[in-house]
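Heads up: the structure comes next, in structure tokens.
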Amino acid sequence: MKTKLIAPSLLSADFGNLQRDIEMLNRSHADWIHVDVMDGRYVPNISFGFPIMKTVQKHTQKFVDVHLMIVEPEKYVEEFIDQGADLVSVHYEACTHLHRTIELIQNRGAKAGVVLNPASPVLLLEDIIEQVDLVLLMSVNPGFGGQKFIENTYKKIAETKDLILSNNSTALIEVDGGVNLENAAKLFAAGADVLVAGNAVFSSEVPEKTIELLKI
Ligand code: DX5
Ligand code: ZN
């Protein structure tokens, strides 16, 4: 997979005009579409689930990046893949049997990512880094769009990069939360491969232009 990718988060889209917003992303330089699923239990917010996946699958050919912020994600990963997810990321903190869940995702034919919350150290991934296709570093506490970026993420990107290199892993590094035009270039330079952006894209005057600028 190529790097320096932008994954706009649908969480900040206009759900009254979801098809329009997805079509805008189709025309744009967005590489992936980031789908934030929240259950009101793992995180203190409820977003959406399968009906929105259906709309996403119907209207885009882009790579669909599903971020599960739910308890017991192993119960649902296969259905998300059947509904069009190309990559499914599960939280380290939400998985009792992470290795098994990663295998479940990959055996169903999708890429598998593991997510770390801001307070979870990178070294937790030492024994799973060889298996995963992606590490998603949360740069805000999960649950809401439009929060302030946590600066400690830069250190975690460097640590993740080291872990990947020392294990000959091919995992990509994705950063999620508070990404904007001020920090995007710095995050790519620090070693991020994929940046999620919700608020920065959808609250901007010309979202397509913003997506382009996030890559510079
Ligand atoms: C937060 C989500 C993020 C969020 C990012 O729980 O995982 O993907 O939508 O939104 P911004 O870019 O607005 O911080
Ligand atoms: Zn997300």
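General remarks:
- From the list Ala171, Ala200, Ala158, the one residue that fits, being farther than 23 Å from Val88 by Cβ and either touching a strand residue (DSSP E or B) at 6+ places or on another chain (Cβ under 6 Å) or within 16 Å of ligand 2 (Cβ to nearest atom) (or both), is Ala200.
- Candidates Asp21, Asp65 - the one that is within 15 Å of ligand 1 (Cβ to nearest atom) and either without any contact (Cβ under 8 Å) to a residue 60 or more places away in the chain or under 16 Å from the mean Cα position of the chain (by Cα) (or both): Asp65
- Among the candidates Ala94, Ala7, the residue that is of a type in the set (Gly, Ala, Ser), within 12 Å of the chain's Cα centre (by Cα) and within 24 Å of Val179 (Cβ to Cβ) is uniquely Ala7.
- Residues of the range 117-144 that turn out to be away from ligand 1 (no atom under 12 Å from the Cβ), touching a residue at least 12 places away in the same chain (Cβ under 8 Å) and under 19 Å from Arg41 (Cβ atoms), as a count: 1
- When we screen Leu187, Leu181 for residues that are away from ligand 1 (no atom under 11 Å from the Cβ) and in a helix (DSSP H, G or I), the only hit is Leu187.
- If the condition is being in a strand (DSSP E or B) and either without any contact (Cβ under 8 Å) to a residue 12 or more places away in the chain or of a type in the set (A, V, I, L, M, F, W, C) (or both), then the range 100-116 contributes Ala112, Val114, Val115, Leu116.
Laboratory data are not the source of any read-out in this text; all were calculated from the coordinates shown. Computed from a predicted structure; not experimentally measured. We place every Cβ from the backbone using ideal geometry, glycine too, and count neighbours over all the protein chains shown.
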